[in-house]
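Have a look at the structure below before the remarks.
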Amino acid sequence: MKRTFLGLILVLVTCGLWAEDGHSLWLRKKETGTVNVVCSDKSPTLAIAVQELKQGWQGIDGASITLKIKKDKAIRNDGFKLSSTEIQANTRIGILYGVYELLRRQQTEEAIEEKVYNPSYQIRALNHWDNLDGTIERGYAGYSLFWGKDKNLSVPTDAEKQLWKEYARTNASIGINGAVLNNVNASADMLTGGILQRVKAIADILRPYGIKVYISIKFSSPVAVGGLKNSDPLNPEVAKWWKEKVIEIYKTIPDFGGFLVKANSEGQPGPQDYGRTHVDGANMLADVLKPFGGIVMWRAFVYASNDKDRAKQAYNEFMPFDGKFRDNVIIQVKNGPIDFQPREPFSPLFGAMKKTSVMPEVQITQEYLGHSIHLVYLSTMWEELLNSDTYQQGKGSTVARCTDGSIYPQKYTAIAGVSNIGLDRNWCGLDFAQSNWYAFGRLAWDNQLTSEQIADEWLKLTFGNVASPQSADWKQNFLVPVKQLMLESREAAVNYMMPLGFHHIFSADEHYGPGPWWAPKGIRADWTPPYYHQASANGVGFDRARTGSDAVEQYHEPLASKFNDPKTCPENLLLWFHHLPWDYQMKSGRTLWDEICYQYATGLEQVGEFQKTWDKVEKYVDVDRFIRVQGKLRHQRRDAQIWNDACLLYFQKFSKRPIPYQLDRPQNDLDQLIENDRRRLHPGK
Ligand code: GCW
């Protein structure tokens, strides 16, 4: 029976008729053999482990495998020891992770040698920017999995529960063990009865998969939903209110993870509203969570309107507090000093805060990288971050080592990724965006994995032939070129959007297309692109050198001096740190202006090549996914053209130089692009 059915699948696959809607992600159904699982533990987590083995087994037919919970000093936290006949772990969830690792190795045909696998970070969390009305801030894949305005929130439907289970399983398969269920721009209603009931319902489903739930809280909740006069963290009434709230939460959800807090940032309330500090706010919450083992993830994403250089602010505001936070507070720091731009240097807070737990926050959702339209594999960007050397404790003090406990003895280590998933059938809007969810989990588990390896795994699992092992033909003609495409894709996006250290020259609000011109009167300067590019007849770029804002000083030597000198500053960050004349000589021998033009042209050309690569692999991909990706690439190519034309024609007004004659001429008219953008921002006017 099974064979006949598989035969049919084979025919469909070969004819390209087999439709894949992307819902199964990297956990697609496969042909399996039988396996005998020896396991004495009857917990829900181990029941899942056994079931996963039985439904995903690709090893020797009829083989036997033992699942063993037994302490071993070499195994840390939820790590595990794997061999082809046994999985051993300290914890139940460790066993489940071992099962997923084994199945992945079987499917990707990687060796299974006896080896211990330990996670790099204890907490590996998704941050959902989901609002209670079901919308998602910076979400490009439909509405929220968790919330919605027309739902009876306290009584989830079976369909919702089923989806949460799939969500939990998917996350567990890549080691994610935390979910912050709502937007950091939080609603105070999160802490009210009906909503907490739903948090409980979600937690109950996520629990067997080893995932803890956390919530984002609004700092002014004591006033907003508690009826208190203020939310001053040093007011005993306020602390008491939080204490009672926390007791109520833990009665409902005994393994609740803790709070994520965005305070005094972009208009959110916080301790500074009462003349208090981040320490006062974070420690008050930490104290009430402490007896239950809960933590506070306190974000360092802060910037006031009055500073000369936004890039310096988080560091200036947080460094004086190093060593003052409780040990269950973790400062959550975005990868770069500004805001998830296509390329930023790492945030100088990494490694600099030596007596405080610090965790990186990366953005999986592509707010600044083409939403769910552009194919951009973000693993290379995160790898760049994790491997950046801070030099804080000598050479080799990478961001990874400064945050994962290798260098500083943090009580908790963690990493967060702003989720890119929603109710779209394929979860992420764009099929390739699934690779970013996957990559985040894999890097959170092992921050030394390479993007190449992760792409390799993901492609095999997601696009590999379900009915037969990966053939040599498939590897050579699908895997190799598509992997190459993925590995280049982030650099391509940097090239056609913001090469050479340009940043934040997006059109307002949506952060999708170009808008280097956008600067209406009366708006705060650091919300407008000209603040960041500083283009004038004299040159372009933000002067953060010692003669400028001196942001370079926030980096440890030798970086401070390296960034300070345009000759030693990496060219891909040149305009981040320097304001330079248009005729500045680049390493290529070109002038800065010509180099800018060439970089945009390169980006454009790369996307053109991606289209060709994709068309060439048509016969290896099911029709549905092939067409979807093809359509998105077409869109991306048009967008890259717009970026190229808008930026070159706009900056040309300052540089007053020709676009090098070897390059293709722009196809769009600048005035028209500006007008289109104006209409988008002010529809009907
Ligand atoms: O990147 C910016 C986004 C905001 C977001 C903010 C943050 C949740 O544009 O939408 O708000 O960062 O990280 O808090």
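Here, each number is a calculation from the coordinates, and none is a lab measurement. All values derive from a computational prediction rather than experimental measurement. Heads up, the Cβs are rebuilt from the backbone with ideal geometry, glycines too, and the neighbour counts pull from every protein chain shown.
What the table below lists for this structure:
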| read-out | value |
| --- | --- |
| Per DSSP, loop GluC sites (Glu not before Pro) in the range 241-347 with at most 14 further Cβ within 10 Å | Glu266 |
| Sites Ser561 and Ala111, calculated FRET efficiency, Cβ-Cβ separation with R0 60 Å, nearest 0.05 | 0.85 |
| The range 31-117: relative contact order as a whole-number percent, Cα under 8 Å and 6+ apart | 29 percent |
| The range 31-117 - share of DSSP beta bridges that are antiparallel (%, nearest 5) | 45 percent |
| Extended-chain gain in nm, criterion 0.36 nm per residue less alpha-carbon gap, Ala525 and Arg76 | 156.8 nm |
| Efficiency of FRET between Glu248 and Gln51 - r from beta-carbon atoms, R0 35 angstrom, step 0.05 | 0.50 |
| Amide H partners (placed H, <5 Å) of Val35, local residues excluded | Gly62 |
| Cut-off under 5 Å, modelled amide H: who pairs with Ile295 long-range | Gly258, Phe259 |
| D (Stokes-Einstein, µm²/s), Kirkwood Cα radius, the range 31-117, 0.692 mPa s at 37 °C | 260 µm²/s |
| Total charge dipole magnitude, the range 31-117, about the Cα centre, Cβ charges on Lys, Arg, Asp, Glu only, Debye to nearest 20 | 500 debye |
| Around Leu285: net Lys/Arg minus Asp/Glu count, Cβ-Cβ under 14 Å | +4 |
| Over the chain: helical MRE at 222 nm, DSSP H runs n ≥ 4 each giving -39500 (n - 2.57), nearest 500 | -11500 deg cm²/dmol |
| The range 400-501 - Rg (one decimal) and Dmax (whole number), Cα, Å | 16.5, 49 |
| Summed side-chain charge close to Ile205 - residues other than Ile205 whose Cβ falls under 14 Å, Lys, Arg +1, Asp, Glu -1 | +2 |
| Relative contact order (%) - criterion: Cα under 8 Å, at least six apart; region: the range 328-414 | 30 percent |
| Residue order, fewest to most surrounding Cβ atoms within 10 angstrom, among Thr591, Thr356, Thr403 | Thr591, Thr356, Thr403 |
| Rounded to the nearest 20 debye, dipole of the chain from Cβ charges on Lys, Arg, Asp, Glu | 1160 debye |
| Total lysine pairs under 18 Å (Cα atoms) in the range 31-117, excluding pairs fewer than 8 apart on one chain | 13 |
| For the range 251-366, alpha-carbon Rg relative to the globular expectation (2.2 N^0.38 Å, N residues) | 1.08 |
| Percent RCO, i.e. relative contact order, over the chain, from Cα pairs under 8 Å lying at least 6 residues apart | 12 percent |
| Ranked list, fewest to most other Cβ atoms within 10 Å of each Cβ, for Lys567, Lys324 | Lys567, Lys324 |
| Kirkwood hydrodynamic radius (C-alpha pairs) into Stokes-Einstein, the chain, 4 °C and 1.567 mPa s, D in µm²/s | 49 µm²/s |
| Chain lengthening between Arg546 and Lys395 when straightened (0.36 nm per residue, less Cα-Cα) | 52.0 nm |
| Approximate spin-label separation Lys612-Asp669, in nm, with each point projected 7 Å along Cα-to-Cβ | 3.2 nm |
| Which of Tyr438, Tyr143 has the fewest Cβ neighbours within 10 Å, and the rest in rising order | Tyr143, Tyr438 |
| Amide hydrogen neighbours beyond the local backbone of Gln122, cut-off 5 Å, H modeled | Thr413, Ala414 |
| Spin-label model distance (nm) - Thr192 vs Ser43, 7 Å beyond Cα toward Cβ | 3.7 nm |
| Radius 9 Å from Cβ of Leu82, net charge of other residues (Lys, Arg +1; Asp, Glu -1) | -1 |
| Translational D in µm²/s for the range 173-293 (Stokes-Einstein at 20 °C, 1.002 mPa s, Kirkwood Rh from C-alpha pairs) | 146 µm²/s |
| Alpha-carbon Rg/Rh ratio, for the range 498-576, with Rh computed the Kirkwood way | 1.02 |
| Most positive-pole-ward Cα, Val199, Leu260, Gly275, against dipole of the range 199-279 from beta carbon charges | Val199 |
